1. Quick one: of 197/386; 195/394; 128/214; 128/394; 214/260; 231/386, which pairs are farther than 31 Å apart, Cα to Cα?
2. Only Lys, Arg, Asp and Glu count, each charged at its Cβ (+1, +1, -1, -1), so figure out the dipole size of the stretch 39-424 about its Cα centre, rounded to 20 debye.
3. Tell me the angle of helix 237-250 to the major Cα principal axis of the chain, expressed in degrees between 0 and 90 and rounded to the nearest ten.
4. Kindly write out, for the stretch 74-88 in residue order, the coupling ³J(HN,Hα) from the Karplus curve 6.51 cos²θ - 1.76 cosθ + 1.60 (θ = phi - 60°), rounded to whole Hz, with x marking Gly and Pro.
5. Mind listing which trypsin sites (Lys or Arg not before Pro) in the stretch 309-404 are in a DSSP loop and have 13 or fewer other Cβ atoms within 10 Å?
6. Relative contact order for the stretch 39-424: what percent, with Cα pairs under 8 Å and sequence separation of 6 or more?
7. Would you mind pulling out the separation of the Cα centroids of the stretch 324-344 and the stretch 205-269, in Å?
8. List the chymotrypsin sites (Phe, Trp or Tyr not before Pro) in the stretch 7-46 that DSSP assigns to loop (not H, G, I, E or B) and whose Cβ has at most 16 other Cβ atoms within 10 Å. Which are they?
Amino acid sequence: MTIAIFLTALLGAMALGVPIAFSLLITGAALMWHLDMFDAQILAQNVIEGANSFPLLAVPFFMLAGEVMNTGGLSRRIVNLAMTLVGHVRGGLGYVAILAAALMSALSGSAVADAAALAALLLPMMIKAGHDKSRSAGLLSASAVMGPIIPPSIGFVIFGVAANVSISKLFIAGIVPGIMLGASLWVTWWWLVRKEKTEPPPRASRQQVVTAFKDATFAIGLPLIVLVGLKFGVFTPTEAAVVAAVYALFVSMVIYRELKFSQLYALFASAAQTTAVVMFLVAAAMVSAWMITVANLPAELVSLLQPLLDRPILLMFVMMLITMLVGTAMDMTPTILILTPVFMPLVKAAGIDPVYFGVLFIINNSIGLITPPVGTILSTVAGVGKMSMDAVTKGVWPFMIAQFILMFLLVFFPSLVMVPARWFY
């Protein structure tokens, strides 16, 4: 009965067009009413407590780093470096997009910010070179999925707070799977464009490569600083976010000198607005998460899936399928906040490593960003590229399927995630 009320309240509110954050509040209130313990004061206290978290301070600073990266010239220099390295081969602009997305993922941690930058910089060039517009937009969309996987990652921060899992370990464990996602896109793009008759740009000279590398040195230095700092315990993930934002501001304003003081207000306002949306979602989700615990919903779910607890791989497969279905209708942040308190008791009962589960869970949610009909990245690329959502969706299918295949490969072979992660630890 409790599960039925939870699903009816949440899905009913969403079906009526109620924003996700308010739908979560309504769900929490409905569960309180069902348990005959409704109290507006408890509701308010949980909302405040939901946002009162030190690790969540990483969110606004990573958001700001992403905004500065795109405005201050860091993104453009990374794309230019990738262009000099692989732009000359057949389908080279696609490989440029994948390589640039991997490098940019290590700067911002935001898939949407990476998608907007990549689409603005590379989509016109890919169309001019003769690549199919829809396919090019699909590749750019799928490449941005690496953003929440390769550290730093806002998705890992939110999951780590919601699940009480080490954010540093999540960051480190996401490195190799993020690279694997890029490799899956690389192979898929090679297969699709092997017969295309396009004119790649001329091969860059050695001097041009050296110049591009020097120009991008400060941009690619940021992920090295963050990863080395986390590896050796110099700073926490929250402090790493501050380092990333300050470093990006310094490089953009003092070294590259492309960011002016007059632009700072707009950057701070944009980062603050995006952060406010995320933080309100987190705060509202705390009410539902608390009521899920009080209503003993996880125990009901554990008893329901009891036969699968002795078969962790099959349980992971089922949880990933559920996440896939939810991801088609819901954005990444609310999916994490809603499903994490439901899944974590199952993960612990089955003896699954929480870090391993977190990596696959965030990969699944990241791919959900390019899954129609919601697909936030799809709408972003469609807007920047001035094309229809249907056209971008048509082009993204092969890449999305390749990423889902990789994800389920990681489900059946956990060592692909955990062996490199333990080495990095």
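1. Distance filter (> 31 Å) returns 231/386.
2. With only Lys, Arg, Asp and Glu charged at Cβ, the dipole is about 1400 debye.
3. 30 degrees
4. 5, 4, 4, 5, 5, 4, 5, 5, 4, 5, 5, 7, 10, x, 8
5. Passing both the DSSP loop test and the Cβ count: 386.
6. 28 percent
7. Answer, in whole Å: 32.
8. 38
Every number in this text was worked out from the coordinates using simple rules, so none of it is lab data. Bear in mind that the values here come from a model prediction, so they are computed numbers and not experimental data. Here Cβ is always computed from backbone atoms with ideal geometry, including for glycine, and neighbour counts include all displayed protein chains.
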